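What follows draws every value from the coordinates through simple rules; no lab data is involved. Just so it is clear, the structure is predicted and the values come from calculations on it, not from any experiment. Don't worry about glycine lacking a Cβ; one is built from the backbone with ideal geometry, like all the others, and counts go over all protein chains shown.
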């Protein structure tokens, strides 16, 4: 180490994050910090600095190499605002869930303060917020297309995706005396070129629609999204360039993900698996994953609304069985461990060691999903590695229970004769969460999700397996509303499906068009980027709220909203006794409630009449309880 002007030891790298600091591999800033440390670099971390005070960014001094900036584990705007653009009541990544600990668009705000604190210091952006905003992108909260975050933040370099390889290469080059501008050829990075800058050229370079074109032409925005996904394979992805008002954003080809050995090394670094001792209140996000073990990264599903494909990658990388077992053994000595592993999984738990079986095919593959619309013939679907891991971990001395709370791909589970039964017998804590997302075929197709029949089969098989194991267990399905391609007809179909299966979801996800996803391209353009067909898009509070209300058809407080939606959509036949909702008042979630003379819709008379009498209301309520 060198020494700064104050005589203190100078750190090699200083990382700034919008989250409270938790020394856990699930925290990106902790993983990157430990990874740099393991490669011989000294690292300091500034967590949730006061972004209004430049002095907050000086506490660790000027780093010898660079500042690394991330908005946090979540996209900053998603962290701050709900799908209705309302400020969230809690921040799961702050002590005690406190709000107000981070700014909007932290990547931009933090970089500006660092540049103000230390003139000329190199700043490298990373994390999901920056990764998904590396090109022109749609901002749902401002309802407009914004330019690359690199230009707004004025950062020197952006690492996109899972950046362990790239960040070490940057550190090594700068430690050898090179400038940050000498790192512009590193795979997995993007940078901003000036008006007179020399841009890459050749057959391996693709020019994207310009920022100006994506703003005025929905087809250009769709093309941008399609090309980003097409070139996301690290084995064959090309350099992408987007011009912006005389400047250009250059994205180098994707970096190779860590292999199994690299992932083993990363997850076995000396993490404390705890929040920094300076915090006096718990970090809610840590509480939810305490006792969990990550076994893989990436997802081959390619769901349209999910950023995993463009961020973590389509290739699933799994840890070795031996590495996971070592962590399970080590977990027994952690303070407060009671013998229960709360989750043994990853983005999709039962994709453990599933991969493309053809190296030649994978080197040229440009599919978004290995599973949709049909499963690729090269994709391996063997559940034996995951079953073996589950069996060995649960048999370890000192381990009482091993649960699986990560996502389960139920269409893959259908291909194995043992997995569902073993899952139900040994690895479910009373209820298992799964995400069919919808029931209408059209909606599922736009989402790139499997047909609902796969969920039906899984549900029946799980119920039977639980009964045979002598356990009272339930599935908790997650559904989504207001996704592009989902209109009144599809929403009603989903509500009727849930009613026929006696499903009453406690939570429903309202679609949020986050940057860089295929679904967001459909939301912006109203066109499927691949088929070029028009897509129904629910925009505005009224349309989105109607869809949400229907998925809570069974809740008394939602009945007026459901009736209003059904009337507006021309389906009053679904209002009445033994229908989707009983008769009663009808009003929207955006209108005043409880006004005298409120309207009810009587499906028997086919006309609007005055508010029901108290006796009739009581009868209606009792019918709802029985339902």
Among DSSP beta bridges lying fully in the chain, give the percent that are antiparallel, nearest 5.
45 percent
Net length gained if the chain between residue 268 and residue 82 were fully extended (0.36 nm per residue, minus Cα distance)
63.4 nm
Here the percent of antiparallel bridges among DSSP beta bridges lying wholly in the range 408-564, to the nearest 5, is 10 percent
Gained length - residue 334 relative to residue 367, 0.36 nm times residue gap less alpha-carbon distance:
7.6 nm
Helix-derived mean residue ellipticity, 222 nm - over the chain, DSSP H n ≥ 4, -39500 (n - 2.57), to 500
-9000 deg cm²/dmol
Simple spin-label estimate for residue 152/residue 451, 7 Å along Cα→Cβ, in nm, reads 4.3 nm
Is the shape of the range 8-99 rounded, prolate or oblate, going by the alpha carbon gyration tensor and its root eigenvalues a ≥ b ≥ c, with a/c under 1.5 for rounded and a/b larger than b/c for prolate?
prolate
Report the label-to-label distance for residue 504 and residue 320 in nanometres (one decimal), using points 7 Å from each Cα along the Cα→Cβ vector.
5.0 nm
Residues 342, 292, 443, 591 in order from fewest to most other beta-carbon atoms within 10 Å are 591, 342, 292, 443
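Contact order normalised by length for the chain, with contacts defined as Cα pairs under 8 Å and 6 or more residues apart; what percent is it?
Averaging sequence separation for qualifying contacts and normalising by length gives 10 percent for the chain.
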Relative exposure of 162, 460, 351, judged by other C-beta atoms within 10 Å (fewest first)
460, 162, 351
The range 288-348: projected area of the alpha-carbon convex hull, averaged over directions, in nm²
4.8 nm²
Rounded to the nearest 5, what % of the DSSP beta bridges within the range 13-251 are antiparallel ones?
45 percent
For 303, 481, 376, order by how many other beta-carbon atoms lie within 10 Å, fewest first:
376, 303, 481
I want to check the label-to-label distance for residue 530 and residue 198. Put each point 7 Å from Cα in the C-beta direction and report it in nm to one decimal.
4.0 nm
Quick calc, residue 59 & residue 179: beta-carbon distance into FRET formula, R0 30 Å, rounding 0.05, result 0.70
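How do 69-82, 195-208 rank on mean C-beta neighbours within 10 Å, highest first?
My ranking of the peptides, most packed first, is 69-82, 195-208.
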